[in-house]
Amino acid sequence: MRRTPGRKTNRKTQLVAASTVALTLTASAPAVLAPTTADAGRRIAGDSFEKSLAGWRETSGATRLDRVSKGRGAHSKAARLRSPKGRSATVGMTDAPALVRSSRKGTRYVATAWVKATPAAHRSRALGVRLVLGEMTSRGLGVHAWQSAHLGKSRWRKISVPFTARHRGRHLDLSIRAFDLRGGALLVDDVRIERVRKPSASNHRLRGVRFGASVDEGNLEFMRAVKLSDRRYSRMEVIRYYEPMIRDSWSGHLGDLNRPVTVSFTASPARVLDGDFNRTLRRWFRAAPNKTPIWWTYSHEPEDDIERGELSADRYRRAWRHINAIARSAGTRNLHPTLVLMAWTARSESGRSISKYYPGDFIDVMAFDGYNPVRSHRYVPPRQIFGAAVAKARHRGARFAIAELGSLVVPGDDGSRRATWLVKAAKYAAKKNAAFVSYWDAKIPGENFQLRDLPSRRAWHSVVKD
């Protein structure tokens, strides 16, 4: 995604594949579970409704809540939710008092419930159901997460939702709702809340890869913004930087970083080939800091410009070769020519060919910009986003890297699921021997990719710090 003057904010469509969070739970248990020494740090509490509904209440006056002998086991009980006779309504149940009465800040919890719609409840269409877990405040439900499902068959289905507590000592509210229920019933059984391990990369699987992010300056002076990013994610091992034009000096932002960078600049291929920037480029490459790796890129993500006819593919490749010849003459060994394309381009579905943009075998690294699909309601496995890109890089004999990694928070997620996705992406990159991975920590109109929620921020901190 471009951040130069006149930047583009359009996103390339990427293939979305379904991804389901699955957690193991015990099918039957005592009515209300209290944590014991044996399961401390794992199971917190739950209810199988074998004795009563004493720990639950209706979420609205339209809900009819009772207990029936139609649980998951042969002779077990279940909670039953019904709407008023003769009309449809949203019905629900919530734990009262809370199964978790005192939260731990930063602790990750997972709520699970088994649900089933009776035949009359989904006769005309699938029944929409939602499981919600969040913190209670003096004003009601605060930060929360939810997971939805549509029940189209009369069989039991498990719903799970992760949530990371933002405060200490808060009640966690758990609720199950059925939307627009008319006739029939929603059955609920084996509700659980567990403490689970936070996604973390501190297992030494990430060695050999430099992790970092772009720096969102906002209203701050650049180096102050860098220090703020370092506090959020630990000292970043690489910083993604965008030069709007070709410069002849490293003074200013780049000269102050004193660490590995992946830097992009752009210029008209015609002017490059005419030699207008020869002296400027020669000075810039010769003045480059020589103590840390520098992955430099001429005009990243050229695909759309070429596709629209605004840029000639042939001239783009020739300009690349022209600039690289100047870089080689500078004799600075830590300069790595890096081609940056969209991860989507490497996929067969894009209809594009890498050879159209590949300037020559002098390319050390082939880096790709890949994002979880903007309008997705799930987190796509990293291998589906970058798998084809890895294969294309290896085919060309270049090292793979991720120049931009990003994802919005999908609906219903408080950041806990994005945190898991971030760690998975980091581990995938390390497994593929990536040179570097840079998260695009930025906000544009209508799309916020910043890692500001607690789970995501802590996850990327663990990645960078490892």
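Bear in mind that the values in this text are calculations on the coordinates, not laboratory data. These figures come from a predicted structure and were not determined experimentally. Heads up, the Cβs are rebuilt from the backbone with ideal geometry, glycines too, and the neighbour counts pull from every protein chain shown.
What is the distance in Å between the Cα centres of region 288-338 and region 102-133?
51
Multiply the residue separation of R383 and R318 by 0.36 nm, subtract the distance between their alpha-carbon atoms, and state the gained length in nm to one decimal.
Taking R383 through R318 to full extension adds about 20.2 nm, to one decimal.
Run the simple label-point estimate for R101 and R207 please: 7 Å along Cα→C-beta, distance reported in nm.
So the two model labels end up 4.8 nm from each other.
Quick check of the Kirkwood formula: for region 339-438, what is the inverse mean of 1/r over all pairs of different Cα atoms, in Å?
Mean inverse Cα-Cα distance, inverted, gives 13.9 Å.
Just add up the charged neighbours of R87: K/R +1, D/E -1, any other residue whose Cβ is under 13 Å from the Cβ of R87.
Result for the neighbourhood of R87: +3.
Within region 270-336, list the GluC sites (Glu not before Pro) lying in a DSSP loop whose Cβ has at most 12 other Cβ atoms in a 10 Å radius.
Filter output for region 270-336: E310.
So for region 129-269, taking the charge dipole from beta-carbon charges (+1 Lys/Arg, -1 Asp/Glu), which of I239, A178, V261 sits furthest toward the positive end?
Going by the charge dipole, the pick is A178.
In region 375-415, if the dipole is taken from +1 on Lys/Arg beta carbons and -1 on Asp/Glu beta carbons about the Cα centre, which of L405, I385, G415 is farthest to the positive end?
Result: I385.
Work out the length of the dipole vector of region 36-174 about its Cα centre, built from +1 on the beta-carbon of each Lys and Arg and -1 on the beta-carbon of each Asp and Glu, and round it to the nearest 20 debye.
The dipole of region 36-174 has a size of about 360 debye.
Listed here are the pairs K392/K424; K158/K443; K198/K291; K227/K356; K77/K153; which of them are more than 29 Å apart at the Cα?
Table pairs above 29 Å Cα-Cα are K158/K443; K198/K291; K227/K356.
Helix 313-330: angle to the longest alpha-carbon principal axis of the chain, degrees 0 to 90, nearest 10?
The two axes meet at around 70 degrees.
Report, in deg cm²/dmol and to the nearest 500, the calculated mean residue ellipticity at 222 nm for the chain, where each DSSP H run with n ≥ 4 adds -39500 (n - 2.57) and the sum is divided by the residue count.
After summing the helix terms and dividing by residue count, I get -6000 deg cm²/dmol.
Please report, in debye to the nearest 20, how large the charge dipole of the chain is about its Cα centre when each Lys and Arg carries +1 at its beta carbon and each Asp and Glu carries -1 there.
It comes to approximately 1160 debye.
What nm distance separates the two modelled labels at E217 and Y242, each placed 7 Å from Cα along Cα→Cβ?
With each label placed 7 Å out from Cα toward Cβ, I get 1.2 nm.
Give me the extension gain from S353 to S329: residue separation times 0.36 nm, minus the current Cα-Cα distance, reported in nm with one decimal.
5.6 nm
State, to one decimal in nm, how far the label point of H167 lies from the label point of F362, with both points 7 Å from Cα in the Cβ direction.
The modelled label-to-label distance comes out at 6.0 nm.
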